[in-house]
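Notes to accompany the following structure.
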Amino acid sequence: MIRRLLGGRTEQRELTFSDIWKRGLEADSARTTSGEVVDYDAALTLSSVYAAIRLLSDSVSTLDLDVLYRSGGSEQKFRPLPPWVLSMSTELRNHEVLGQVVTSLLLDGNAYLATLRDDTGRVLSLSVLDPTDITPSMGSDDGGAQRLTFTSAKAPGVTFTSRDISMVRGLMKPGQIQGVSPVTAAREFLGLGIATQKFGAAFFGNGATPGAVIEVPGQLSPEGAQQLKSAWNEVHKGASNGSRLAVLTESAKFSKISLSPEDSQFLETRQATVQDVARLYGVPPHLLADASGSTSWGSGLAEQNVAFSQYSLRPLVTRVEAALTSIMRSEGIAVAYARFDLESMRRVTSDRWAAYSTAIQSGVLSIDEVRSYEGLAALPDGEGQRHYIPLNLAPVDAEPQG
């Protein structure tokens, strides 16, 4: 059944992004007070929106992904890995599939992963669907249990279950089953940013305002005006002639043209748009080339990386991990779960090894566990499995040894 949904996909390069992901953002409903239509394509024309989505999508999709399970109170690597975890798609690489999931979340607030399976129910590949083409609904089965189902315009009359499509949702309103689209929620200030961007482009593209004017009483012939301009440029044009004394005769007046306050403030408005987008996506402003508020995310690079991973990446990573884990559950893998190596972004090298040393000396981690975190093989003959504790530790009420 899922093949029917995936089989009709064809690539048409003349289509734009908004042609593919446009439903739910019709022109009338997407028009803002500024007069601009804000859809997914228009939002991506703002460099701050594109940069924020690229940063988050690339950061999540390039994290190391593994499958783990808990045994004896510690995490172990689950092996062998499900084949689809090694290669999620026959057409795309894993980071591209995961990047599509995160991009869909950041634009639409929802992402849908279609799972193509064999006759035994094993997942063969994953495909990220157009979120505006899928309509989820919540219903009840014969036993009264709630079930999430999906329909698609590409497969009319067919109802898909959560076994066919895995749904990833962003921010959700109470009582809703779909996530809120950030582009829809922030349509007004995104429209202001687009309008400001167009104003700046039109200002430089259509403007014919000179930098300065020399007023001469009376009528000048075209030849006289050209001679006056050439004489002025010959004396004053160029860096070496800057600030030279000018002498005007015959009641001529020199006037410098300045921008109106309304024209000069559009740069401040564009900067405010970057800050708004940073708030919208929870991205540190300094990563969007706005250093005005970088200190609020930490005083050093290590602190800023920790804040970025904790407040920006962790919510996205948790949602994607949960979706991949639910797909494994549908295959009958009940003990394993997907895990991105987000810890690698939260520590610099010196801090990491200092933490490992403390953990080994206090008996929290073994040498093999530390080596596994670093992607290294275990020591031979079980030499790295032993835990160590300091020999000089004793209860505070113990009698001293004579």
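The values are calculated or read from the model by the stated rules, or taken from the named source; none is laboratory data. No experiment lies behind these values; they were computed from the predicted model shown. Cβ coordinates were reconstructed from backbone atoms using ideal geometry, including for glycine residues, and neighbour counts include every protein chain displayed.
For region 142-215, give me every one of the strands (runs of 3 or more DSSP E) that falls completely inside it and has 2 or more residues that are buried (at least 18 other Cβ atoms within 10 Å of the Cβ) and of a type in the set (Lys, Arg). Here the list is empty. When Val60, Val67 are checked against the criterion of being hydrophobic (A, V, I, L, M, F, W, C), assigned by TED's automatic domain parsing to the domain that holds Glu321, in a helix (DSSP H, G or I) and modelled with pLDDT of 65 or more, Val60 stands alone in meeting it. Consider region 107-133 and keep the residues that are closer than 27 Å to Gly282 by Cα and part of a loop (DSSP other than H, G, I, E, B). The one that is farthest from the chain's Cα centre (by Cα) is Asp130. Among residues of region 310-333 that are in a helix (DSSP H, G or I), none has a Cβ under 7 angstrom from a residue that is modelled with pLDDT of 95 or more and surrounded by fewer than 16 Cβ atoms within 10 Å (Cβ to Cβ) at a sequence gap of 6+ or on a separate chain. Filtered by the rule that a residue be outside any helix (DSSP H, G or I), modelled with pLDDT of 85 or more and under 24 Å from Leu63 (Cβ atoms), region 365-402 gives a lone residue, Leu365.
Selection of region 108-132 for residues being more than 24 Å from Gly332 (Cβ to Cβ) and surrounded by fewer than 18 Cβ atoms within 10 Å (Cβ to Cβ) yields only Asp130.
Under 19 Å from the mean Cα position of the chain (by Cα) and buried (at least 22 other Cβ atoms within 10 Å of the Cβ): does that describe Asp39? The answer is yes for Asp39. The numbered conditions (1) of a type outside the set (A, V, I, L, M); (2) touching a Gly at 6+ places or on another chain (Cβ under 9 Å); (3) at pLDDT below 85 are all true for Pro182 except (3). Of the residues screened, Asp351 is not one that is in contact (Cβ under 8 Å) with a residue 12 or more places away in the chain and surrounded by 15 or more Cβ atoms within 10 Å (Cβ to Cβ). Just so you know, in region 321-337 the residues that are crowded, with 18+ Cβ neighbours inside 10 Å and aliphatic (A, V, I, L, M) include one that is farthest from Leu105 (Cα to Cα), and it is Ala336.
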